[in-house]
Each structure stands twice: as structure tokens, then as C-alpha cells.
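To start, the structure under review is shown below, and the notes come after it.
The values are calculated or read from the model by the stated rules, or taken from the named source; none is laboratory data. Small disclaimer: the values here were computed from a predicted structure and weren't measured. For neighbour counting, all protein chains shown are included, and Cβ atoms are generated from backbone atoms with ideal geometry for every residue, glycine included. Each accessible area value is taken on the protein alone, full model and side chains, heavy atoms only, with ligands, DNA and RNA left out. Shrake-Rupley method; radii C 1.70, N 1.55, O 1.52, S 1.80 Å.
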Amino acid sequence: MLTAMKNLALLLLLTALAILVQGYHPGLEDDAFYLAAIKRNLNPALFPHDSDFFGLQFQATIFDKLIAASIRWSHLPLAWGIFFWQFAVTFLILWCCLQISRRCFSDRHAQWAAVAMVAALLTIPVSGTAISLTDQYLHPRALATALILGAIIAVLDERRLLAGTLLVLAFAIHAIMASFGISFCIFLGWKRNAWQSEKLQPVLFALLLLPLGWIFEPASPAWRQAAATRHFYLLGEWRWYEWLGVFAPPLILGFFRWLAKRHGLPVAARLASRLALYGVFQLIVALAIMLPRGLERLRPFEPMRFLHLVYLLMFLLAGGFLGQYILGRHVYRWILLFVPLSLGMFYAQRQMYPATEHVEWPGAATRNEWVQSFTWIRQNTPINSLFALDPDYMQLPGEDYHGFRALAERSVLADNGKDAGMAARIPSLAERWQKEVAAQNGWKSFQAADFQRLKSTFGVDWVVLASPGVPGMKCPYRNPQVLVCRVD
């Protein structure tokens, strides 16, 4: 009992340290959709003009409904509820990593070094895929990852029905990541007839029942324009070091397999070898999907993101081997490895978001002047307002990739960043996205008459401008970087 309490305390400490290294930024990047969807579940009056930009994709996930239901049930303030979910999901991932490491390594130092390695590297980029192991905000990928890791534990323990159930839950949260988890669990647990159990077949069949029909809508020139903004869809544009990040892991995993076999660690050897086979198989599948022009509509399945699971488990094994054969009981060695590693990851995050607090605590005031303007908009403009911003606003100095919808809670014309990605996934949005972005071309030289044109065409009644603004506009809010102006 005492050991269990110590382990729990250590995991909680590692979770807190992981978040302090990683940072916390609700409303950042993809959270422009996820947080907006959660808020609309709690208040259906939000986003009367543009909810399709996240609502259509969210037909295929229970994520936003689950989080919104937990907020209603707990009666927590939304900001605190989201933060607690982020903490809990990070804890679950690290707990699962500990359980996997216990099955791979007999030495306690190896087990905890594996967990510590993952905790320190949560924001490391996964080569070429535009994702990291987890995000600085609550993302369905992280919750699905925790469930996939739980399924891996169940496969190692030969509890196949439990594994199938966890994979179904992961699929309901994030279908694409769960598909990779299913693939790996098949490789990991493959035995003759092992996955043909009559009990398991109905569970896996349930995966077919989710509404994913929008994936198969036909492409169009507008869709191709949106898809061209996704660098990771275009393998011909990947850089050499991104390809190095694709081909190096199987070699590293081969070395881990040899090392595990040499030292009598059969589960670690099995995990490394099956992970390498899974990686090679998924790479072949990804190339078959991504390279032919005739299969371009399948690119939103993002098949190269199979690397996410490869990287996570590879770093777990790397930490375990370091703990078992190098770190051991030598405290100074742990310090020499993990302190510089964590500081380096922390420094990288500060360079990415320099105008924002590293941890945006719920309810705390922000020094980011763009987020300040979004807060004013949320508190002082009608809920049915329609806004327009620079379509590349997330890349502007000081904005730090914060999403307007999630933080201002108001509708907005499509942007050239995140909304382009959504249009690339859902062809029915592509024409609308193209029309709205085209209408905002030349934004930086817009004058009052151009905003009137947006009002007459789309109904825009507010605009957010970078300082110094535009002559002739009535702007009830301004700070040194941002103005919020009416379009009369």
C-alpha cells in the first residue's frame, strides 16, 4: 500500500513537471476547433454563422460531447474543467507508460526512466507530420493515445476483449489515431486465430458505425487549393531530415531488440520488433496512399502519423534501457540527462510562443494583447456577430497561434491556416473556404470601403485589425497591438 501511494505521488509529480515543461495554452492552434466545439455544446447559440467549420468533423467523435458533459456534471468553471482534463489525460498517458515499462524491464530505475523520458519529450515533433507526442492544450489525440496505450497493456497481458473495448473507445474519440493503435495491437498480439475471437468481432465491427461519410466526398479545385496548404500531405516537399525521422526508427528499434534479447528482456524485445514491423508496414501503406495522384482524397487520413505511436514507444524503450544500463542508482546521472533535456524542451516552447505566458492558468490575466482583444470581444459584442481578421492572423507577431473562435466565442470568416486544414478534410467546406479567403486577399492594404464590401457580401459587422488600424473606422477597443472596430 505504501509503495502504491509513493508511485501515485511520483506520477502526479511527473505529470505536473511535464506540464510545466510543455506549457499550457487553451485555444491554441487546433484548439480553435476543439474548444469552440465544446463551448457550442454548452451553449448552442454560439457560432451561428460558421459552426460547420468544426461541426461536420465532430460528427465523427464523442470528444466534445464527453468534455461538455463532464463540465455540466461537475459544475466546474469551463476553464478549470478543461485544465483538469489536460492534467488527467497527461497523467493517464504516463501511468500507461509505467505499466508498459514494468512489463518490459525488471529494474525499477529502468521503469521510471522510461516514464521520465516520455514526460520530458511530450512536445517533441514527430517527423514531418506537424504533430508532437501531446499538445499544449486538450486534444482528442492525447485521450485516444491514453486508451491505445491501455489497449497495448491489455494485449501484452492477453486480455483481448479489454483491448478491443479500449480501441473502440479510442476510435470514438479520434478515429485516425485509433486506426493506428488497432494496427499496432494486431502486430503486437498476432497469434494464429488470436484476433478471430467471436467475442471480439462485434466489438471491432462497431468501429464501422461512426458517421464518416464526409471523408468520401469528391475532390474539387477548391479542395486541392486547401490541401496544398498542408505540407505534410505532400511527401515530395519533405526535407531530408524529415525522411531521416521516418527511416531511423526501425534501425533504432532493431538495436533495441538485439539489446533486449541479449539481456533477457523478452517483452521489450517483442515490443521493439513488433513496433519496427508495424512501422515498416504502415510506411508502405502511407506511401501507397500519399504518392498516387488518383488517391489524393485519402490524404486527409494522414497515414504518415503512424509515426506518433512509433516515436512514443521508441522513447519509452530508450528511457528504459538508459535507466537499466546507464542511470541506475546514480542521482547525478539522472540530473545530467533529464535536467538539460527538460530545459531544452522548455526553451523550445518559449521560442514558439514568446508573447504568451508559458502556462496560461485558468482565470489568470494574460499579457498577450491579441488574446486580451479576444476576451474583450467575448464580453462586449453580440453573440450573433460575424467578424473578419487577417486570414493569416495566427502567424502575426505577438499572436502566438491563438484561435479566434475558441477564445472570442464569435463567428469569423474563414482563415488561411486552420480553416484551410478543415476544408482539406471536408470537401463540402472547400468552396466556402475558398470564397471567404479570396474575399480577404490583400487584407494588409484594406481600407474602410473594403470592410464595407465584406459587410455587404457576408454580413461582417466587426473586424479585428493590427495596429495602427485603418482611417475612418470606429474602434471601441484598442491596445498597443490590436484594434476591434465596427463596420457600420
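Could you list all residues from region 175-191 that are of a type outside the set (A, V, I, L, M) and not in a loop (DSSP other than H, G, I, E, B)?
If the condition is that a residue be of a type outside the set (A, V, I, L, M) and not in a loop (DSSP other than H, G, I, E, B), then SER179, PHE180, GLY181, SER183, PHE184, CYS185, PHE187, GLY189 are the ones that fit.
List pairs: first in region 336-365 and touching a residue at least 24 places away in the same chain (Cβ under 8 Å), second open to solvent by 60 Å² or more (accessible area, probe 1.4 Å) and of a type outside the set (Gly, Ala, Ser), Cβ under 6 Å, 6+ apart or cross-chain?
PRO362/TRP80
Quick check on my filter: what residues within region 1-26 are farther than 22 Å from LEU343 by Cβ and among the small types (Gly, Ala, Ser)?
Residues satisfying the conditions are ALA4, ALA9.
Per-residue answers, yes or no, for (1) touching a residue at least 12 places away in the same chain (Cβ under 8 Å); (2) in contact with a strand residue (DSSP E or B) (Cβ under 8 Å, 6 or more places away or on another chain):
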residue: SER101; (1), (2): yes, no
residue: ASP107; (1), (2): yes, no
residue: PRO125; (1), (2): no, yes
residue: TYR137; (1), (2): yes, yes
residue: ILE152; (1), (2): yes, no
residue: ILE186; (1), (2): no, no
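Among the candidates GLY417, GLY363, single out the residue that is open to solvent by less than 30 Å² (accessible area, probe 1.4 Å) and not hydroxyl-bearing (Ser, Thr, Tyr).
Only one candidate passes the filter, namely GLY417.
Just one of (1) β-branched (Val, Ile, Thr); (2) farther than 26 Å from ASP419 by Cβ; (3) open to solvent by 10 Å² or more (accessible area, probe 1.4 Å) trips up ILE93, so point out which.
(3)
How many residues are crowded, with 23+ Cβ neighbours inside 10 Å and hydroxyl-bearing (Ser, Thr, Tyr) if we restrict to region 432-445?
So the answer is 0.
Read through the list (1) in a loop (DSSP other than H, G, I, E, B); (2) modelled with pLDDT of 95 or more, then give the number of the only condition that GLY398 fails.
(2)
May I ask you to say which residue of ALA45, ALA60, ALA9, ALA16 is of a type in the set (Gly, Ala, Ser) and crowded, with 18+ Cβ neighbours inside 10 Å?
Exactly one of ALA45, ALA60, ALA9, ALA16 is of a type in the set (Gly, Ala, Ser) and crowded, with 18+ Cβ neighbours inside 10 Å, namely ALA60.
Among the residues that make up region 126-145, is at least one of them open to solvent by less than 20 Å² (accessible area, probe 1.4 Å), assigned to a helix (DSSP H, G or I) and under 21 Å from VAL339 (Cα atoms)?
Within region 126-145, not a single residue is open to solvent by less than 20 Å² (accessible area, probe 1.4 Å), assigned to a helix (DSSP H, G or I) and under 21 Å from VAL339 (Cα atoms).
Kindly indicate whether PRO48 is within 25 Å of ILE173 (Cβ to Cβ) and either outside any helix (DSSP H, G or I) or in contact with a strand residue (DSSP E or B) (Cβ under 8 Å, 6 or more places away or on another chain) (or both).
no
Quick check: anything in region 328-341 in a helix (DSSP H, G or I), of a type in the set (Phe, Trp, Tyr) and within 22 Å of the chain's Cα centre (by Cα)?
no
Go through the residues of region 403-423 one by one and say whether even a single one is closer than 21 Å to ASP135 by Cα, out of contact with any Leu (no Cβ under 6 Å at 6 or more places or on another chain), assigned to a loop (DSSP other than H, G, I, E, B) and not small (Gly, Ala, Ser).
no
Confirm whether SER456 is farther than 22 Å from ARG230 by Cα, of a type in the set (Ser, Thr, Tyr), within 33 Å of the chain's Cα centre (by Cα) and surrounded by fewer than 14 Cβ atoms within 10 Å (Cβ to Cβ).
Answer is no for this residue.
Considering (1) of a type in the set (Gly, Ala, Ser); (2) at pLDDT 95 or above; (3) touching a His at 6+ places or on another chain (Cβ under 9 Å), say which one GLY27 fails and leave the rest.
If we test GLY27 against (1) of a type in the set (Gly, Ala, Ser); (2) at pLDDT 95 or above; (3) touching a His at 6+ places or on another chain (Cβ under 9 Å), just (2) comes out false.
So, of the residues in region 424-442 that are hydrophobic (A, V, I, L, M, F, W, C) and in a helix (DSSP H, G or I), which turns out to be farthest from the chain's Cα centre (by Cα)?
Checked region 424-442; the qualifying residue farthest from the chain's Cα centre (by Cα) is ALA439.
Can you tell me which of LEU483, LEU465, LEU429 is open to solvent by less than 60 Å² (accessible area, probe 1.4 Å) and modelled with pLDDT under 90?
Only one candidate passes the filter, namely LEU429.
Can you name the residue in region 367-386 that is of a type in the set (S, T, N, Q) and open to solvent by less than 30 Å² (accessible area, probe 1.4 Å) and is also nearest to GLN86 (Cα to Cα) among such residues?
The selected residue is ASN368.
What do you reckon, is ASP50 closer than 11 Å to ARG405 by Cα and of a type in the set (D, E, K, R)?
yes
State which residue is nearest to SER373 (Cα to Cα) when the search covers only region 459-470 and only residues that are within 33 Å of the chain's Cα centre (by Cα) and assigned to a loop (DSSP other than H, G, I, E, B).
SER467
Taking the stated definitions as given, is PHE53 open to solvent by less than 20 Å² (accessible area, probe 1.4 Å) and not in a loop (DSSP other than H, G, I, E, B)?
For PHE53, the condition - open to solvent by less than 20 Å² (accessible area, probe 1.4 Å) and not in a loop (DSSP other than H, G, I, E, B) - is met.
Name the single residue, out of those in region 231-286 being open to solvent by less than 100 Å² (accessible area, probe 1.4 Å) and aromatic (Phe, Trp, Tyr), that is farthest from the chain's Cα centre (by Cα).
PHE256
Filtering region 391-404 down to residues that are touching an Asp or Glu at 6+ places or on another chain (Cβ under 9 Å), open to solvent by 10 Å² or more (accessible area, probe 1.4 Å) and not aliphatic (A, V, I, L, M), which residue is nearest to LYS455 (Cα to Cα)?
PRO391
Mind telling me which of the residues ARG297, ARG305, ARG274 ends up being of a type in the set (D, E, K, R), in a helix (DSSP H, G or I) and touching a Leu at 6+ places or on another chain (Cβ under 9 Å)?
After applying the criteria, what remains is ARG274.
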